[in-house]
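Following: one structure in structure tokens, then a few remarks.
The values are calculated or read from the model by the stated rules, or taken from the named source; none is laboratory data. None of the values given here were measured: they were computed from a predicted structure. Cβ coordinates were reconstructed from backbone atoms using ideal geometry, including for glycine residues, and neighbour counts include every protein chain displayed.
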């Protein structure tokens with residue numbers, strides 16, 4: 001019960017339906033629920049988000065779902081207001097929403113570039129902007145921003161990597177600005193993992209019949225499970241990481257050590 005009575009606001013949390021392959025946000029919701037957190041799940045996928053919240057409720061967790069386009073500031077204001085009205089506080093923010101693309105630079109449409117920077121950088125900025133005032137008023141909190149190993153090395157597509165790198169440094173800047181307010185801000189950098197988003201992208205990449213290169217390029221020899229990333233997020237969100245801020249937690253099976 002490492003998060004007992006703490007309120008966690010998680011973006012990109014719809015892919016958490018039991019019996020399915022989960023995304024990072026959905027897996028984090030289950031890990032946090034197991035550890036006693038009260039949960040505000042958000043996503044644009046309302047059907048799966050509502051189902052995930054309902055299943056968490058059946059398991060004993062106090063969970064609600066709110067539809068949220070993380071690139072829209074007005075929707076952030078509405079969702080955060082609803083969270084505060086329901087629970088009275090937000091102790092943890094996990095910015096986990098994300099998408100990706102498969103374009104090379106010369107083929108990259110400007111609208112895809114803009115969308116990637118919006119969902120991976122602007123959304124993280126908006127989430128922190130709208131949760132930090134309440135965290136300051138209550139005496140502190142923990143923010144975990146989900147970046148990627150592609151935010152530390154050129155291992156992703158161009159716009160995706162740029163957005164994830166922005167998340168990495170935005171995290172560090174915010175950590176320094178709010179350390180004296182007892183608000184810890186850290187980033188998690190997953191490697192290749194088995195998630196719904198990754199499966200969709202690999203279908204596109206492997207359309208020509210090539211094999212999945214990711215396990216053989218990973219020293220541990222396999223893809224991560226979403227729960228393994230969620231466990232790293234849990235550590236940074238919990239009081240066990242009370243002296244950790246401004247850091248990047250790489251969970252990539254050894255890829256970036258090569």
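How about the range 85-111: which of its residues are in a helix (DSSP H, G or I) and either crowded, with 19+ Cβ neighbours inside 10 Å or in contact with a strand residue (DSSP E or B) (Cβ under 7 Å, 6 or more places away or on another chain) (or both)?
Selection gives 86, 87.
Considering only residues that are in contact with a helix residue (DSSP H, G or I) (Cβ under 7 Å, 6 or more places away or on another chain) and surrounded by 15 or more Cβ atoms within 10 Å (Cβ to Cβ), which ones fall in the range 218-230?
218, 223, 226, 227, 229, 230
Test residue 239 against the criterion of being surrounded by 13 or more Cβ atoms within 10 Å (Cβ to Cβ) and more than 14 Å from the chain's Cα centre (by Cα), and give yes or no.
Working: surrounded by 13 or more Cβ atoms within 10 Å (Cβ to Cβ): no; more than 14 Å from the chain's Cα centre (by Cα): yes.
Against the criterion (surrounded by 13 or more Cβ atoms within 10 Å (Cβ to Cβ) and more than 14 Å from the chain's Cα centre (by Cα)), residue 239 does not qualify.
Does residue 130 satisfy the criteria of being in a helix (DSSP H, G or I), more than 20 Å from residue 191 (Cβ to Cβ) and in contact with a helix residue (DSSP H, G or I) (Cβ under 7 Å, 6 or more places away or on another chain)? Can you show your working first?
Details: in a helix (DSSP H, G or I): yes; more than 20 Å from residue 191 (Cβ to Cβ): yes; in contact with a helix residue (DSSP H, G or I) (Cβ under 7 Å, 6 or more places away or on another chain): yes.
So residue 130 passes the test.
Is it true that residue 120 is modelled with pLDDT of 95 or more, in contact with a helix residue (DSSP H, G or I) (Cβ under 8 Å, 6 or more places away or on another chain), under 23 Å from residue 69 (Cα atoms) and buried (at least 24 other Cβ atoms within 10 Å of the Cβ)? Working first, answer last.
Working: modelled with pLDDT of 95 or more: yes; in contact with a helix residue (DSSP H, G or I) (Cβ under 8 Å, 6 or more places away or on another chain): yes; under 23 Å from residue 69 (Cα atoms): yes; buried (at least 24 other Cβ atoms within 10 Å of the Cβ): yes.
Answer is yes for this residue.
Table: residues versus (1) within 19 Å of the chain's Cα centre (by Cα); (2) part of a helix (DSSP H, G or I).
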position	(1), (2)
212	no, no
229	yes, yes
234	yes, yes
246	yes, no
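Sort through 255, 251, 201 and tell me the only one that's surrounded by 13 or more Cβ atoms within 10 Å (Cβ to Cβ) and under 15 Å from residue 94 (Cβ atoms).
None of the others qualify; the one that does is 251.
Determine whether residue 79 is buried (at least 20 other Cβ atoms within 10 Å of the Cβ), in contact (Cβ under 8 Å) with a residue 24 or more places away in the chain and over 24 Å from residue 235 (Cα atoms). Talk me through it step by step, then tell me what you get.
Details: buried (at least 20 other Cβ atoms within 10 Å of the Cβ): yes; in contact (Cβ under 8 Å) with a residue 24 or more places away in the chain: yes; over 24 Å from residue 235 (Cα atoms): yes.
Yes, satisfied.
Six or more apart or on different chains, Cβ atoms under 6 Å: show the pairs whose first residue is in the range 98-115 and more than 26 Å from residue 10 (Cβ to Cβ) and whose second is surrounded by fewer than 16 Cβ atoms within 10 Å (Cβ to Cβ).
102/204
What tally of residues in the range 10-20 results from selecting those that are in contact with a strand residue (DSSP E or B) (Cβ under 6 Å, 6 or more places away or on another chain) and either at pLDDT below 95 or over 19 Å from residue 189 (Cα atoms) (or both)?
Number satisfying all stated conditions: 1.
With the requirement that a residue be surrounded by fewer than 20 Cβ atoms within 10 Å (Cβ to Cβ), within 17 Å of the chain's Cα centre (by Cα) and farther than 20 Å from residue 75 by Cβ, what does the range 123-155 give you?
Within the range 123-155, just 152 meets the criteria.
Does residue 178 satisfy the condition of being over 15 Å from the mean Cα position of the chain (by Cα), in a helix (DSSP H, G or I), touching a residue at least 40 places away in the same chain (Cβ under 8 Å) and within 26 Å of residue 73 (Cα to Cα)? Reasoning before the result, please.
Numbers: over 15 Å from the mean Cα position of the chain (by Cα): yes; in a helix (DSSP H, G or I): yes; touching a residue at least 40 places away in the same chain (Cβ under 8 Å): yes; within 26 Å of residue 73 (Cα to Cα): yes.
Taking the combined requirement at face value, the residue satisfies it.
Please tell me if residue 27 is crowded, with 22+ Cβ neighbours inside 10 Å and either touching a strand residue (DSSP E or B) at 6+ places or on another chain (Cβ under 8 Å) or in contact (Cβ under 8 Å) with a residue 24 or more places away in the chain (or both).
Working: crowded, with 22+ Cβ neighbours inside 10 Å: yes; either touching a strand residue (DSSP E or B) at 6+ places or on another chain (Cβ under 8 Å) or in contact (Cβ under 8 Å) with a residue 24 or more places away in the chain (or both): yes.
Judged against the criteria, residue 27 is a match.
Residue by residue through the range 48-84, note down the ones that are in contact with a strand residue (DSSP E or B) (Cβ under 7 Å, 6 or more places away or on another chain), closer than 22 Å to residue 5 by Cβ and part of a helix (DSSP H, G or I).
Scanning the range 48-84 gives 52, 53, 56, 57, 79, 82, 83.
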